[in-house]
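Reading through the structure tokens given below for one structure.
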Amino acid sequence: MKNVSLALNGILVVAVAVLYYLHFSSGSKAASTTSDSTIPTDIKIAYINSDTVLKYYDFFKSNVEKLEAKGKKLDQDLQNRAQSLQNDITAYQRNYGSMTIGQAKAVEEI
């Protein structure tokens, strides 16, 4: 019994030593491969012509202001037309009782 226990302890010591060696020897290889893979292989350089960017930025900015002014004008025109239509509908509903059927149909077709 003592010999079996001694043999098992010997096998366990050898197994722990092998696992210890494998663990730390593979860790150094993995660390070296990851550091090599992080190095960029192709570096791209972009050139920006800053005076052209500023020129077109001012152009864009002025056109945005023009378009916003035009949009406000069109929005106001739409609001005026909607208000005019609402006034016509209100007038029609108010005068519907005093109109003849022919007059009501004529107003509805307009």
Exercise for review: Identify, from the list LYS44, LYS55, the residue that is modelled with pLDDT of 70 or more, of a type in the set (Lys, Arg) and in a loop (DSSP other than H, G, I, E, B).
Suggested key: LYS44
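Yes/no per residue for (1) small (Gly, Ala, Ser); (2) at pLDDT 85 or above; (3) surrounded by 10 or more Cβ atoms within 10 Å (Cβ to Cβ); (4) not in a helix (DSSP H, G or I):
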| position | (1), (2), (3), (4) |
| --- | --- |
| LEU19 | no, yes, yes, no |
| ILE48 | no, no, no, yes |
| LYS72 | no, yes, yes, no |
| ASN80 | no, yes, yes, no |
| GLN86 | no, yes, yes, no |
| ALA91 | yes, yes, yes, no |
| ASN95 | no, yes, yes, no |
| GLU108 | no, no, no, no |
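The values are calculated or read from the model by the stated rules, or taken from the named source; none is laboratory data. What you are looking at is a predicted structure, and each value in this text was computed from that prediction instead of being measured. Ideal geometry is used to build each Cβ from the backbone, glycine not excepted, and the neighbour counts take in all protein chains shown.
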